[in-house]
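So the structure is just underneath, and the comments pick up after that.
The values are calculated or read from the model by the stated rules, or taken from the named source; none is laboratory data. Keep in mind the model is a prediction, meaning the values are calculated, not measured. Using ideal geometry, Cβ is built from the backbone for each residue, glycine included, and neighbour counts are taken over all protein chains shown.
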Amino acid sequence: MKRIYLGTNLKMYKTNRETVTYLKELTEKTAALRCPGLELFVIPSFTALPEAVEAAEGKIKIGAQNMCWEDAGEYTGEISPRMLKTIGIDLIEIGHSERRHKFGETNFDVNRKVLAALRHGFTPLLCIGETEADKTYGVTTECLREQLKIGLYGVTGEQARRVWVAYEPVWAIGVGGKPATPEYANRSQQVIKDTLAELFPDNGGEIPVLYGGSVNSRNATGLIEQPAIDGLFIGRAAWEAESFAAIIKQVLDAGKRNY
Ligand code: 13P
């Protein structure tokens, strides 16, 4: 059975109480939609994680937005894999565009986090994407390949089975961003899939590659219908449970695959 991946990154928007309310509502509104092939996930702020896990009741996967690569040490303000482990989550978002571009995370930092996540048995959701300048100068392919090759450096074929990748063009994310056309997104996603197959000849082709960047109810179907898009990673359009549930329904109804 094919799987479909639909999730949201709540960024720095919801308090603990808001996160719990949102998750309860989302659990309720998606009760009739959930099916074995659907990987539904929500990534709240660190502070809300324990309550989020409880509110999701195992029906929605909960992830963290970031993680330090060290288990412990003099890293004020950082959160270690050991701490996240005790919360009972298994998904860690790594290298989101905002981490890279607002907090200066490099591909090498991202790689250390990916390796740490795998070492601790988490699923790393590695986020990559080209900037507007990369696109203008025609180096999107080079950028994506570099982010993958460095970000996944040292990952074994066995570990690769647990990796998820999200393609989020930086110019498409957030307020002021505009979604990539389905054709543009599909081309980049295919570059990513080809690179993963090259890096992990045995199973790279099975790594799910999600698209993110201004996904909404108007473009979700067109995007998910693309052959190289295995799921959608949504920001703003998913922060009301009702609208996220509507997108989920729409995507499942598009029926590209037998979920
Ligand atoms: P938007 O959907 O708001 O553009 O955000 C996407 C995103 O950053 C998901 O990680």
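List of remarks:
- Every pair of residues 6+ apart whose Cβ atoms lie under 7 Å, when the first sits in segment 116-128 and is of a type in the set (Ser, Thr, Tyr) while the second is away from the ligand (no atom under 16 Å from the Cβ): Thr123/Asp90; Thr123/Arg162
- Leu49 vs. criteria under 22 Å from Arg162 (Cα atoms) and not acidic (Asp, Glu): yes
- The set of residues from segment 34-45 being surrounded by 16 or more Cβ atoms within 10 Å (Cβ to Cβ) and over 19 Å from Leu84 (Cα atoms) comprises Leu38, Glu39, Leu40.
- Checking each residue in segment 34-58 for being more than 13 Å from Leu10 (Cβ to Cβ), touching a residue at least 40 places away in the same chain (Cβ under 8 Å) and not in a strand (DSSP E or B) picks out Cys35, Pro36, Gly37.
- Boolean, Ile62 is away from the ligand (no atom under 16 Å from the Cβ) and buried (at least 19 other Cβ atoms within 10 Å of the Cβ): no
- Residues that are part of a loop (DSSP other than H, G, I, E, B) and away from the ligand (no atom under 14 Å from the Cβ), drawn from segment 217-228: Glu225, Gln226, Pro227, Ala228
- Residue, surrounded by the fewest Cβ atoms within 10 Å (Cβ to Cβ), within segment 153-174, restricted to residues that are assigned to a loop (DSSP other than H, G, I, E, B) and within 16 Å of the ligand (Cβ to nearest atom): Gly174
- Test: residue in segment 36-47 that is more than 14 Å from the ligand (Cβ to nearest atom) and more than 17 Å from Ala245 (Cα to Cα): yes
- Test: residue in segment 205-216 that is away from the ligand (no atom under 16 Å from the Cβ), modelled with pLDDT of 95 or more and crowded, with 20+ Cβ neighbours inside 10 Å: yes
- Boolean, Leu232 is closer than 17 Å to Gly177 by Cβ, assigned to a helix (DSSP H, G or I) and within 16 Å of the ligand (Cβ to nearest atom): no
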